[in-house]
Structure formats: structure tokens, C-alpha cells
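K.L.:
So that we are looking at the same thing, I have put the structure below in C-alpha cells.
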Amino acid sequence: MTTTIDATLARRVNRGSGENAYKCYQCKKCSTGCPVAGFGDLHPAQIMRAVQLGAVEAAVDSRFIWLCTGCETCTTRCPQGIDIAAIMDELRMIAREEHRVRSDAPFANILKLNYDSFRRWGRLYEVELLALDKATRLSSLTDDVVMGIRMFLKGKINPLPTFGDRAQMKRMTDVADRINRDKRAVSRAMDLPDTASLPPASPGGVR
């Protein structure tokens, strides 16, 4: 039995993250150490196999990439030295670029709010972040009220923003955005179909 592999996604991930997904031989150490593997539709090793196969729907549309906390346990455990966390970052970036962010991925919204907060205040303004996130998930409005009051009374929450170096933060994010746009433009220009028939790494494809 042979499996047709489209290397377009793996090449795109490689250009964005610098990581070669084809080094993965499916030992699954990343999945056994992942603290959120049991909560997603796929686990890290399955995501890696999907990238190898060029299965965009499985990799980019997966709920798991938005559950990933970036703890880098997978990267630390990988015997091939693959930065799997960086690959998850790149898949999230691809999902945003192609407007494929899942509606049931609240973490995706948090990442965007974090970025906006840094640009606006020069540092993270937690109260605003929480309020804006709650506004998108009205059913969660009262979830943290008791804990929030306790933290406020203990001085753990400042209701007013504190300012960082907003000009410097804007310069940094502008440079990062420009680098990312240039990288994406090169990546899109180089995305040509590339298929080959190779034996699957494990029976039945993504396992």
C-alpha cells in the first residue's frame, strides 16, 4: 500500500518555522508528554503526521493547535530535536492567514487580544483583556466573578492600565509584522504542488 504525499504544507511549515516535519518517525513521545493531548481532536504526533502527508484539513483545521499552550514539552522530549511547538505556532499562523480559525477556539481570540493590548499600552492590560474576551463569550461572564473580587481585594488586580514603552513596542511589532508579511509573500510564491508515492510511516496514515 502506498500513500500519496503532498509536500506543500511541510515545505510551508519549514519556511515559516525552520523545522523539518519529515524528521519525525512517530515515536509519539510528544503526545505522551503533552498536558493537553487528551482534550483535542488530535494529539501532537497526529498533527506531525498530517503535516508530513500534506493533510491541511487535519493539521490547520485541528482544534488541538489552539489548545497547545506552548509549554514546549513536546520539543524537549523529541529525540529528533524537532521544535514541535514552533510547528504548532506556524500552523496557527497559517490558519489565521487563510481565515481557517475555528469558532470553538477561544484561545485564538486571546492571542489576538494579547497582541493588541501590547501595542495599545506597551504591556499587557489584564482587566481589558479579560473584559474583551468575555464580551465574545457572554455565557462565561460570571465564571470568574468571585475569584476576581478576591484578587482585587488582595491587590492582585489593578483596574487601571499601567503603561510600558508604547513607542518601542509599536516599533517592534511593526518590524515583526513586516518580516512576517515578507516571509508569507515568499512562501506563497514558492507554494507549488509536489507529490510523491512513499510508504506510510504507520499503517492507515494518521494514527
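The values are calculated or read from the model by the stated rules, or taken from the named source; none is laboratory data. It should be emphasised that the depicted structure is a prediction, and the values quoted were computed from it without experimental measurement. Cβ sites come from the backbone with ideal geometry, for glycine too, and all protein chains shown count toward neighbours.
K.L.:
From the list TYR22, TYR115, which residue is assigned to a helix (DSSP H, G or I) and either modelled with pLDDT under 90 or within 17 Å of the chain's Cα centre (by Cα) (or both)?
P.N.:
TYR115
K.L.:
Now a separate question. Any idea which of (1) under 13 Å from the mean Cα position of the chain (by Cα); (2) closer than 30 Å to ASP165 by Cα is the one ARG120 doesn't satisfy?
P.N.:
Going through the list (1) under 13 Å from the mean Cα position of the chain (by Cα); (2) closer than 30 Å to ASP165 by Cα, ARG120 breaks only (1).
K.L.:
In addition: Could you grab me the full set of residues in segment 152-189 that are assigned to a helix (DSSP H, G or I) and surrounded by 13 or more Cβ atoms within 10 Å (Cβ to Cβ)?
P.N.:
Of everything in segment 152-189, those that are assigned to a helix (DSSP H, G or I) and surrounded by 13 or more Cβ atoms within 10 Å (Cβ to Cβ) turn out to be PHE152, ARG166, MET169, LYS170, MET172, THR173, ASN180, LYS183, ARG184, SER187.
K.L.:
Does at least one position in segment 56-63 carry a residue that is out of contact with any strand residue (DSSP E or B) (no Cβ under 7 Å at 6 or more places or on another chain), buried (at least 24 other Cβ atoms within 10 Å of the Cβ) and under 17 Å from LYS23 (Cβ atoms)?
P.N.:
yes
K.L.:
Spot the failing condition for THR4; the list is (1) touching a residue at least 40 places away in the same chain (Cβ under 8 Å); (2) touching a helix residue (DSSP H, G or I) at 6+ places or on another chain (Cβ under 7 Å); (3) β-branched (Val, Ile, Thr), and only one is missed.
P.N.:
The one condition THR4 does not meet is (2).
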